[in-house]
Amino acid sequence: MNKKDLFRTKSIEDIIKESPDDSHKLKRTLGSFNLVTLGIGAIIGAGIFSLTGLAAANYSGPAVTISFIIAGIGCAFAGLCYAEFASMLPKAGSAYTYSFATMGEFIAWIIGWDLVLEYAVGAATVAISWSRYLSKLFHFYNINFPAQLMMSPFESITVDGEVIHGIINLPAVFITVLMSLILIRGTQESAKLNNIIVALKVTVVLAFIILGWSYINPDNYVPYIPENTGKFENFGWTGVFTGAAVVFFAFIGFDAVSTAAQEAKNPQKDMPWGILGSLAICTILYVLFAHVMTGLESYKAFAGEAAPVARAIENTPYKFFQQLIIIAILAGYCSVILVLLLGQSRVFYSMSRDGLLPPIFSSLHPKFKTPWKSNILFAIFVGLFAAFVPVTVVGEMTSIGTLFAFILVCIGVLILRKKRPDAPRAFRTPWVPFVPVMGIGVCLYMMYALPVDTWIRLVIWMAIGLVIYFIYGRKHSKI
C-alpha cells in the first residue's frame, strides 16, 4: 500500500472545474436570504428553551447571557473558517470537500464519515425530542396517544404507579419520513417551508422577549455573576465559561449551510452571508432571550426544571404562551431535521461523486434534481435510530461529531494559507492564524468535556468507517 495515495488531494481548480452532467447536477435555487434562514433553521432548536435554564441554574446565574456571547464568539471562529472555504470551493460536501483539497482523500473520508454523526444521528436526536414535545402538546388538548408507541424499547415511564415500557417511537419515525419526502420534492420547496417555520419560531422568540421585558424583576439580576462555590464550574467567571461550554451546543447547525453551496445562486458572495449572518442573528436572539428569562424568574428556580421557559412565563399574565412555546419548539425541530437531512445527503452526494461511496448516493431524481435515493436510505437509517435508540446516546454522538468537523476545517484554513496563499478567496478569514487556532482550541476543550463513553462510540464508529474505506472507497476512488 502506497501511503502517499492515502493523502492524495484534489486541487482547488479541479474541484471547481468539476461539472457533472445533467443527471448529476444540483439545481442552483438558493439566494443569500434563503441561506441565512437555512442557518437559523438549523441553529434555533429547543436548545434555547432548555439549555438556558440549565446553564443559569448550575453554572452561570444571570450571567448566562455572557455565556451565550462567549459561545457565539467560539462558534464564530469556526464560522469564519467555514466562510472562507465556502467562498473558495462552492461545492456540495462542506468539510468533506474542504478536507479533500487540503489534507487528502483519507482525511476527507474520515471527516465525511464523521459528518454522519453530526447530521444523520443529530436528526435522529431531534426527531426523538420532537416526539416528546408532541406528547406534551397532546396533553393540553386531552389527547392520549399510547405512551409505549412514543418511546424506544430502552425507555420507560411511570403513569399512576404503573411502569410503561416503550415499544417504538412512531412520531419520531413519522417526522423523519415527512421531512425526507419534502427534501425529495426539491431544495427550493424545502427552503420555502423552512422560511415559514423560521418565521414562526423567531416570532415566538421575539414575542417572549417583547412581552416578558415589562415584567422583569431587577432583583433577579443581583448578583449578576454569583460568587463561586469553590468548585470550578459552579458560578463565578469559571462558571460563566463552563456555562458557555454547555450552551455552545445550542449553536450547532450553522455549518449545514455550507453543504448547500452547489445549490446557491452566487455561492462566493452568498455563502459567507449565510453562515455568518445566521450565527450573528441567533447570538443576538439567544442573549436577549436569556436576559428576559433570568429577569422573570430567579436562576435558582430553574434547578432541575424540565421546562424553564414555562416557569418564567408564570410570572407574566400570558399563561397561554406555554402552548405557543411548545408549538414553536415543534416547528423549530422540523426545520432542524430538514436542514440536517439536507446536509447529510449532500455530503454523501459529494463522496459518491468521488467514487468513495456507491453511485446510488449521487443518483438524482429526473424531475426534482435531488439525491432522492440517498434521501430514502437516510429516512430509513435515521428513522430506525429515532425509533429504537435512547435520546441520550444519539445526542452526545452528535456533539462530538460536530466538534471534530469544526477542528478539521480550522486546520484546513491554516494548511491552505501556507500551501496556496495566492489562491482566489472571495472571503478571507481575518486574523489568521489567531482565528483558526482559537477555533481549534475552543472545540478541543468542548470535546474534552464530553463523557468517556462518547469517545468510545466515536472510535467504534470511525473503525467501521475505515473498514468500508479500505474495502470499497479506496479501490473505487476516481483520483
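Things to note:
- Here the condition is being at negative phi, touching a His at 6+ places or on another chain (Cβ under 9 Å) and either surrounded by fewer than 22 Cβ atoms within 10 Å (Cβ to Cβ) or in a strand (DSSP E or B) (or both); of Ile184, Ile196, it holds for Ile184 alone.
- Residue in region 78-99 that is at pLDDT 80 or above, more than 19 Å from Leu279 (Cβ to Cβ) and surrounded by fewer than 24 Cβ atoms within 10 Å (Cβ to Cβ) present: no
- Single residue of region 293-305 satisfying the filter (surrounded by fewer than 23 Cβ atoms within 10 Å (Cβ to Cβ), part of a helix (DSSP H, G or I) and among the aliphatic types (A, V, I, L, M)) that is modelled with the highest pLDDT: Leu296
- Flag if Ile182 is of a type in the set (Val, Ile, Thr), modelled with pLDDT of 85 or more and within 14 Å of Leu338 (Cβ to Cβ): yes
- Of all residues in region 49-65, exactly one satisfies the criterion of being under 20 Å from the mean Cα position of the chain (by Cα), surrounded by fewer than 24 Cβ atoms within 10 Å (Cβ to Cβ) and of a type outside the set (A, V, I, L, M, F, W, C), namely Ser50.
- Residues in region 319-369 that are of a type in the set (Ser, Thr, Tyr) and either closer than 26 Å to Glu105 by Cβ or in contact with a Pro (Cβ under 8 Å, 6 or more places away or on another chain) (or both): Ser345, Tyr349, Ser350, Ser352, Ser362, Ser363.
- Residue within region 140-150 that is within 23 Å of the chain's Cα centre (by Cα) and among the polar types (S, T, N, Q) present: no
- Among the conditions (1) in contact (Cβ under 8 Å) with a residue 60 or more places away in the chain; (2) surrounded by 21 or more Cβ atoms within 10 Å (Cβ to Cβ); (3) under 22 Å from Ala123 (Cα atoms), Trp461 misses just one, which is (2).
- In region 345-377, the residues that are of a type outside the set (S, T, N, Q) and within 20 Å of the chain's Cα centre (by Cα): Arg346, Val347, Phe348, Tyr349
The values are calculated or read from the model by the stated rules, or taken from the named source; none is laboratory data. Given the structure is predicted, the values throughout are model-derived calculations rather than measurements. Please note: Cβ atoms are built from the backbone with ideal geometry, for glycine as well, and neighbour counts cover all protein chains shown.
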